[in-house]
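Read the figures in this text as sums done on the coordinates, not as results from a lab. Computed from a predicted structure; not experimentally measured. Reconstructed Cβ throughout: ideal geometry from the backbone, glycine too, with neighbour counts over all protein chains shown.
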Amino acid sequence: MQALKELAADKIDAKDRDSYHPDDLDGMFEKKDSPQAKLKNQDSTNEPAISPDAAETTISTKTISTTTTTSMKKDQNTTMTTPKSTFENMPLIEHDHRKISDREHSRPPPEISRIIPEDISEPGLEAGCPKWYPDWSALAELQPRIKLDPNKFLTPVLTYGPNNQQRGFRETVFLAVKLNRTIVPPGFFKHSRTDKDVESGSHENVIAPWHRFDISALATMISTEDPMKIGNKCGGHFQSYFKAKRGYCTGSNKDRFYALFNFFSMSFVSGQELTKNKHVCHLENSIPDDKLLPTNFGPKHLPTSERVLKRFYASKGKCALWVFPYHCIQFKDSLKGNVTSEDQLNDSPDLSSESDADLMRRIIRATPRPKYLRNIAKSFIKNVIEQKMQNGKYLALHWRYNHGDWLFHCQRTLKHKKSPVCDVVLETIDKPKMIAAEIVDFFNARPELEGIYIAAPLEERPLIDAIKSSIGDTVPILIGDSLMNHMLSMYPNCQWMEDNFHDIFSSLEQEICSLSDTFLYSAGSSWSRNIMMERHAQNIPNEKSLENVGLFFKALKKLHPESK
């Protein structure tokens, strides 16, 4: 614990970058004449709007990695995405972007110690940890608003990093509703590239679902099965595998299959293990045929029609595993249209008439971060933020533009294509005082705001210092170390939280950003995008969630006033 406090004093820089995906990088802004582009376009009609509709990839922020020996490693979580048009020239980077012929040959499954409730009720729970393990006996008595077939089940094996996994799980809940199958919360995966508890090159480290979302909230909305019982209910094997893309059998992907099977106490049927022959994945009882899947090995973009989905994944198998869903169901549609009212959300929906966007918003609201993390965030707001800000109204800024990560992809792209966003960021990123001035102008134009919370890595310290210098001492500015110290003060003796701090701190910062009065989000970030979708589903006006890349364009205009 002392090691964590020392790192807090040093303002830890932690890289925790989720994987990039082609569908994440399909454009940064909406077209200029779209409603989103017109939304709060600052003071110029000649510059790109700060749009609420960015696509996705992943940029987690300040996260901290610990090992079970409490030796601390510095790292950080980042990723990015974008909406269509300006950012369409960003590089398209696959999770495993080597040529297929260069990828790993098949290897035996890793030996993994089974994670069962006794293990995962987590050492130290009695020694001062928050209560997090679900009361499944109580949940079994619930009457969910959406009742699904109790004898058919669906769960995913998830891909990429934590924020991509969250999106993939929400897509699975959507598919479960359409196919009338009870949802089974899966094991999630730690961030293999940045969490130093994870063995290098391996993806087998599982994090329990109750550390990624509130299972009680999900079970209140939809039929939900205890993942620790699904092995017995399914006879130890899945009867059907629902493919989302052709490429799913690299060594690291196979690790995730075995890790999930281990979590569920399940396995492949003997002689029907996942194999690869001449670069083609083969898995018994998997549908659909590869001919119906994209030839570029990317995900199948599915329609949301119940009739079409039931034909695409037509199976009588009791237990089905969706293989690496991500960007199969377009959850950005949840940002369209009016938000479902509280009264509607509290009723059992008529699925025959409710729009798919409304169903997506129900799912987003039913998968909030775990209650214990939400309670820490509320305590931080009450005992830290509101002590510095009379009304507790703050601007949350997620900032993830740096040379080592975000701009690396820009630099690769600019070798082959033009990208206005990359150009403007490259030209202004090393001028923190100019960027800080734009942030301060944005803040000062909103007199209801009383302070700023910045979710950013240590390398952005020059920007943070420039903001403080420009705005003066009267405006409180908080960063991740204050939140970390508050969490540790609430649970100083919780060994599990110390050992897994890296995995949960990013979620905690997301909650702080989600609860802000105004959120300036990072372009191309699924870390930011997930927050945006949550805020929209919570009826927070779109003008309270704005894309911060527009600040670069404002700074560039002042740098080159002669330019049109």
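With N residues in region 146-365, what two-decimal value do you get for its Cα radius of gyration over 2.2 N^0.38 Å? Numbers along the way, then the final one.
Numbers: Rg = 16.9 Å, N = 220, 2.2 N^0.38 = 17.1 Å.
Cα-based Rg divided by the globular estimate yields 0.99.
Counting other Cβ atoms within 10 Å, keep those with at most 10, restrict to DSSP loop, and tell me which trypsin sites (Lys or Arg not before Pro) in region 262-295 are left. Display every interim value, and only then the final one.
Values: sites: Lys276, Lys278, Lys291; in loops: Lys278.
Answer in residue order: Lys278.
Provide the percentage of antiparallel DSSP beta bridges, counting only those with both residues in region 146-365; round to the nearest 5.
Details: 5 of 20 bridges.
Rounded to the nearest five, the antiparallel share is 25 percent.
Using the Cα centre as the reference, give the magnitude of the dipole from point charges on the C-beta atoms of region 146-365 (Lys, Arg: +1; Asp, Glu: -1; all else neutral), rounded to the nearest 20 debye.
Numbers: 31 positive and 23 negative charges, 138 e Å.
That gives a dipole near 660 debye.
So how far apart, in nm, are the two label points at Phe297 and Thr220 if each is 7 Å from Cα heading toward Cβ?
It is 4.3 nm.
So if the hydrodynamic radius of region 273-432 is defined as the Kirkwood radius over C-alpha pairs, what does Stokes-Einstein give as its diffusion coefficient at 10 °C and 1.306 mPa s, in µm² per second?
Working: Rh = 21.5 Å.
Calculated translational D: 74 µm²/s.
How many angstrom lie between the Cα centre of region 136-182 and the Cα centre of region 467-533?
The distance from the Cα centre of region 136-182 to that of region 467-533 comes to 28 Å.
Note the direction-averaged projected area, equal to a quarter of the hull surface, for the Cα convex hull of region 478-564, in nm².
Numbers: hull surface 31.4 nm².
That works out to 7.9 nm².
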